[in-house]
Amino acid sequence: MIRTIRRAAICTGLGLVIQLAAALDWTPLTFIASAVIGLPLILVGALLFLRAVWKSLKSGGPP
Amino acid sequence: MLPTQLVVALLVGVVLVVLLTMGARPLAAHAVGRIVLLVGLVALPLLLSVGNLSYGVSQSSSTRFCLSCHEMERFGRSLFVDNRQALAAVHYQNRLVPRENTCYTCHKDYALFGDVKAKLNGLRHVWAHYVSGVPAQIKLYEAYPNSNCLHCHDDSRRFVEKDVHRSISSQLYAGSVSCLSCHRIAHDMTKVDAHQFWQAQ
């Protein structure tokens, strides 16, 4: 579970860094990067985290 | 202008994610910690992301954003030409449209889903810019609709009191006669190339 949570956090962190870079200068390229790479990375991070929690609950508790 | 609050919020989000990554093991061991992880790794980043993208969408309507592609630079310069007949220049120089959203104000449809259509067209521009290549001559995807002009000029005194407008008003509203058939020059590229610009005193 911990490994999956860390993977989720890395995805989320990368997504946020891309969004931060885009927010510093909005151009068509940064907008696309933010929407097509940044947001999906955050969604993948969220899904990974929720999957880890779901698996942990199914197996009967925290690691 | 830099969206300071947004940048700070995103920066805080990144720092929080790093801290939560380092403290994942102890936090995951108890219920409150898992809620902290849920908020810090899922809810907050999603909220920040939606906020950031929504700001990005609003920025994509700005004149600066449109003109950031080099193929639009000449159209940007056409806002400054010294020609009282050129529509883009007249509207920009006389502040008939907001200067910060000049392109968007005239080039978005005011019908239902006009904003969505404009944004989808924007994606087509981006595709052309980065992937398929910019055509040698830049044209509108479809004929410029009168409704865009009439959205502002419809009941304005200068428009209504012109005899010629009154005489063909039904055709103008039906779109069978284009406003551009009389007001021919939208962007005066000849004067852009000749460097004939209006200078404010």
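Where a number appears in this text, it was derived from the coordinates with a stated rule and is not lab data. Computed from a predicted model, the values in this text were never measured in an experiment. Note that each Cβ is placed from the backbone with ideal geometry, even for glycine, and that neighbours are counted across all protein chains shown.
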Next on the checklist: With every atom except the alpha carbons ignored, what do you get for Rg and Dmax of the range B:85-163, in angstroms?
Outcome noted: 14.8, 48
Checklist outcome for this item: The whole-number value in µm²/s of the Stokes-Einstein translational diffusion coefficient for chain A, with Rh from the Kirkwood sum over alpha carbon pairs at 25 °C and 0.890 mPa s, is 198 µm²/s
Checklist entry - If you find the alpha carbon centre of the range A:1-61 and of the range B:117-160, how far apart are they in angstrom? => result 36 Å
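Counting only Cα atoms, I'd like the Rg/Rh figure for the range B:8-71, Kirkwood definition for Rh. Don't jump to the answer; show the numbers that get you there.
Details: Rg = 17.1 Å, Rh = 13.8 Å.
Rounded to two decimals, Rg over Rh is 1.24.
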Checklist outcome for this item: By Cβ neighbour count within 10 Å, fewest first, A:ASP25, B:ASP109, B:ASP155 rank B:ASP155, A:ASP25, B:ASP109
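Select from the range B:70-134 those trypsin sites (Lys or Arg not before Pro) which occupy a DSSP coil region and have at most 14 other Cβ atoms within 10 Å, ordered by residue number.
Values: sites: B:ARG74, B:ARG77, B:ARG84, B:ARG95, B:ARG99, B:LYS108, B:LYS117, B:LYS119, B:ARG124; in loops: B:ARG84, B:ARG95, B:LYS108.
The qualifying sites are B:ARG84, B:ARG95.
In debye to the nearest 20, how big a dipole does the range B:63-193 give about its Cα centre with +1 on each Lys and Arg Cβ and -1 on each Asp and Glu Cβ? Show your work: numbers first, answer last.
Working: 17 positive and 13 negative charges, 25 e Å.
In debye, rounded to 20, the range B:63-193 gives about 120.
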Checklist entry - Given B:LEU96, B:GLN199, B:LEU27, which one lies farthest toward the positive end of the charge dipole of the protein assembly as shown, if we put +1 on the Cβ of every Lys and Arg and -1 on the Cβ of every Asp and Glu? => result B:LEU27
Next on the checklist: Translational diffusion coefficient of chain B at 10 °C, 1.306 mPa s, Stokes-Einstein with Kirkwood Rh over Cα pairs, in µm²/s as a whole number.
Outcome noted: 77 µm²/s
Checklist entry - Sorting B:MET72, B:MET189 on the 10 Å Cβ count, fewest up front, what's the list? => result B:MET189, B:MET72
Checklist entry - Per residue of A:29-38, what is the mean number of Cβ atoms on other protein chains within 10 angstrom of that residue's Cβ? => result 4
Checklist entry - Exposure proxy check: B:ASP188, B:ASP193 ranked by fewest other beta carbons within 10 Å? => result B:ASP193, B:ASP188
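Which loop GluC sites (Glu not before Pro) in the range B:85-190, with loop taken from DSSP, have no more than 11 other Cβ atoms within 10 angstrom of their Cβ?
Details: sites: B:GLU100, B:GLU142, B:GLU161; in loops: B:GLU142, B:GLU161.
Qualifying residues, ordered by number: B:GLU142, B:GLU161.
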Checklist entry - Which value, in debye to the nearest 20, gives the size of the charge dipole of the protein assembly as shown about its Cα centre, when Lys and Arg are +1 and Asp and Glu are -1 at the Cβ? => result 980 debye
Checklist entry - Angle between the Cα long axis of helix A:2-24 and the longest principal axis of chain A, 0 to 90 degrees, nearest 10? => result 10 degrees
